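Taking it in order: structure first as structure tokens, then the write-up.
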Amino acid sequence: MKASAFSKLGQRTTDPAISWLMKMTLDHPHIISLAAGFTDDWSLPVEETRELLNELLASSTAARAALQYGSTLGDATLRRLTIERLRAQDRADVGGQYTPERAIITHGSQQLLYIVTECLCDSGDIILVEDPTYFVYLGIVQSHGLQCRGIPLEADGIDLIRLEHVLESLKRTGEIRRVKMLYLVSYFQNPSGVTTSYQKKVAALKLLRRYEKFAGHPIFLLEDAAYRELRFSGPEIPSALAEAKFQDRVIYAGTFSKPFATGIRVGYGLLPRALFDVAARVKGNHDFGTSNLLQQILATALQSRRYDAHLSVLQQRYQKKAKVLMRALQQHFPQAVEWRPAEGGLYIWARLARGGKSGPKSTLFETALARDVLYVPGELCYASDRTRPLPRNEMRLSFGGATDDEIREGIKRLGSVLRDCL
Ligand SMILES: Cc1ncc(COP(=O)(O)O)c(C=O)c1O
């Protein structure tokens, strides 16, 4: 069909990296995928969900309510439980930000990321992102014609000196007026596994505020906490919401999908007041409400504490799988490959020695495919940003979907590919 038949967004949107990775998996039916962002299949809460559904549908009145349309903002009980949970996690006893009136339930946190970006950004606007970042979010950015500036990641979050440098240079060119937000995947980041310290979040908020007078509008922090609950070691770190002074600048995106069941795709957002109504209107246009039945399943899971019981099983399970992966890395990967131990989430990020190439067209990737093992080439996780060189020597390895045996065998194969190719 003629390109002009499509909107600018339709014409602009390229195939997301995820479709390409899926195709690789389908084209190689025997492949061991250490690439997929899938969660552990074995531990999905089958029995719990059956019980929850039975309970929910046992009374015809409750069943009818669950099978009816809900409201745009989401189920009132689930919104309240969500906020109570968040407040407890943040150990925050001050601040009016923890109120259900600012919570919106979405179809996965992915929808929240999409809606917020749609509400704040026009084509040509700039988003500051971590280098590397969540590549599916980069799809939203690409599709909306937005620009990115990548801020390098350190062991405890973004490099603040670099953030300031980028803001300063955007101020100098006048482009600061196009800067709308800083997007951080703050816990056990996808893809790098890095967790941002609380101090860094607050320091970033202060920096953003300093540049608002040059931007002429608020610059928000979008905190994507998708992996927060999948923590198996290290301390609980409060979200940026806990800093009450900046409550009108923090957009918090959370999810129940990874810590319970990814097939029950329920996420949520806690939004600054000024943004809340706009986001609610846009959500109304998207779907006028997330599936009511799925929300009620989750509300019941939270209330009955089945959610917490299941989460603790998942945390132990992922801790074990991460250990399997790390042991295999120690055993099979060349010493020159750097990686950090996982404390949560689903990923380990590996960096080859300088000059090593891991991209989709590299000999390494092709040899890995030929030996039926798949990883995510690190370069897919970097925003398009001409102001810095693109690192091409990294890979994301997931311990989420693969079984223990697949992880061991997959890393053994990758280790031999690395030795043969580099
Ligand atoms: C960093 C990050 N944010 C958000 C999401 C979306 O998750 P969901 O829509 O299932 O809540 C994902 C999923 O992989 C993710 O990795």
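Values for this structure:
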{"item": "Only listed residue being without any contact (Cβ under 8 Å) to a residue 60 or more places away in the chain, under 22 Å from Phe256 (Cβ atoms) and of a type in the set (Gly, Ala, Ser), chosen from Ala103, Ala88", "result": "Ala88"}
{"item": "Index of the failed condition, Glu130 passing every other in (1) open to solvent by less than 40 Å² (accessible area, probe 1.4 Å); (2) in contact (Cβ under 8 Å) with a residue 24 or more places away in the chain; (3) over 18 Å from the mean Cα position of the chain (by Cα); (4) under 25 Å from Pro235 (Cα atoms)", "result": "(3)"}
{"item": "Some residue of region 296-313 being in contact with a strand residue (DSSP E or B) (Cβ under 9 Å, 6 or more places away or on another chain), within 18 Å of Ile105 (Cβ to Cβ) and outside any helix (DSSP H, G or I)", "result": "no"}
{"item": "Matching residues, region 280-295, being of a type outside the set (D, E, K, R), in a helix (DSSP H, G or I) and over 22 Å from the mean Cα position of the chain (by Cα)", "result": "Gly284, Asn285, Asn292, Leu293"}
{"item": "Count of residues meeting criterion [part of a loop (DSSP other than H, G, I, E, B) and either open to solvent by 10 Å² or more (accessible area, probe 1.4 Å) or β-branched (Val, Ile, Thr) (or both)] in region 244-256", "result": "3"}
{"item": "Cβ pairs under 9 Å, 6+ apart, first in region 210-222 and free of Cβ contacts under 8 Å to residues at least 12 places away in the same chain, second of a type in the set (Val, Ile, Thr) and assigned to a loop (DSSP other than H, G, I, E, B)", "result": "Glu212/Ile219"}
{"item": "Residue pairs meeting the criteria (Cβ under 6 Å; at least 6 apart or on separate chains; first closer than 13 Å to Tyr375 by Cβ and open to solvent by 50 Å² or more (accessible area, probe 1.4 Å), in region 347-362; second at pLDDT 95 or above and not in a loop (DSSP other than H, G, I, E, B))", "result": "Arg351/Glu338; Arg351/Glu394"}
{"item": "Residue list for region 214-236, restricted to those being more than 16 Å from the ligand (Cβ to nearest atom), open to solvent by less than 40 Å² (accessible area, probe 1.4 Å) and assigned to a loop (DSSP other than H, G, I, E, B)", "result": "Ile219, Phe232, Gly234"}
{"item": "Positions within region 314-357 being β-branched (Val, Ile, Thr) and either outside any loop (DSSP other than H, G, I, E, B) or under 20 Å from the mean Cα position of the chain (by Cα) (or both), in sequence order", "result": "Val324, Ile348"}
{"item": "Whichever residue in region 63-83 is of a type outside the set (Gly, Ala, Ser) and open to solvent by 60 Å² or more (accessible area, probe 1.4 Å) and, among such residues, is nearest to Gly263 (Cα to Cα)", "result": "Leu67"}
{"item": "Index of the failed condition, Leu311 passing every other in (1) out of contact with any helix residue (DSSP H, G or I) (no Cβ under 7 Å at 6 or more places or on another chain); (2) over 23 Å from Thr72 (Cα atoms); (3) more than 16 Å from the ligand (Cβ to nearest atom); (4) not aromatic (Phe, Trp, Tyr)", "result": "(3)"}
{"item": "Only listed residue being touching a residue at least 12 places away in the same chain (Cβ under 8 Å) and away from the ligand (no atom under 16 Å from the Cβ), chosen from Ala66, Ala36", "result": "Ala66"}
{"item": "Index of the failed condition, Thr117 passing every other in (1) open to solvent by 10 Å² or more (accessible area, probe 1.4 Å); (2) within 16 Å of the ligand (Cβ to nearest atom)", "result": "(1)"}
{"item": "Subset of region 147-198 [open to solvent by 40 Å² or more (accessible area, probe 1.4 Å), within 20 Å of Ala350 (Cβ to Cβ) and not hydrophobic (A, V, I, L, M, F, W, C)]", "result": "Pro152, Glu154, Asp156"}
{"item": "Options Ala342, Ala368; residue that is at pLDDT 95 or above and open to solvent by less than 10 Å² (accessible area, probe 1.4 Å)", "result": "Ala368"}
{"item": "Matching entry among Ala103, Ala88 (being open to solvent by less than 20 Å² (accessible area, probe 1.4 Å) and either away from the ligand (no atom under 12 Å from the Cβ) or more than 21 Å from Leu73 (Cβ to Cβ) (or both))", "result": "Ala103"}
{"item": "Hey, Thr403 of a type in the set (S, T, N, Q) and within 15 Å of Ser33 (Cα to Cα) or not", "result": "yes"}
{"item": "Of all residues making up region 136-146, the number that are in contact with a strand residue (DSSP E or B) (Cβ under 7 Å, 6 or more places away or on another chain) and without any contact (Cβ under 8 Å) to a residue 60 or more places away in the chain", "result": "1"}
{"item": "Residues that are surrounded by fewer than 17 Cβ atoms within 10 Å (Cβ to Cβ) and not in a loop (DSSP other than H, G, I, E, B), drawn from region 263-279", "result": "Arg273, Ala274, Asp277, Val278"}
{"item": "Inter-residue pairs, beta-carbon under 8 Å, first at pLDDT below 95 and in region 271-282, second surrounded by 15 or more Cβ atoms within 10 Å (Cβ to Cβ), 6+ apart", "result": "Arg273/Arg102; Ala274/Pro218"}
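The values are calculated or read from the model by the stated rules, or taken from the named source; none is laboratory data. This is a predicted model, so every value here is computed, not measured. Positions of Cβ are backbone-derived with ideal geometry, glycine not excepted, and every protein chain shown enters the neighbour counts. Remember, those area values only see protein heavy atoms, side chains included, never the ligands or the DNA or RNA. Shrake-Rupley method; radii C 1.70, N 1.55, O 1.52, S 1.80 Å.
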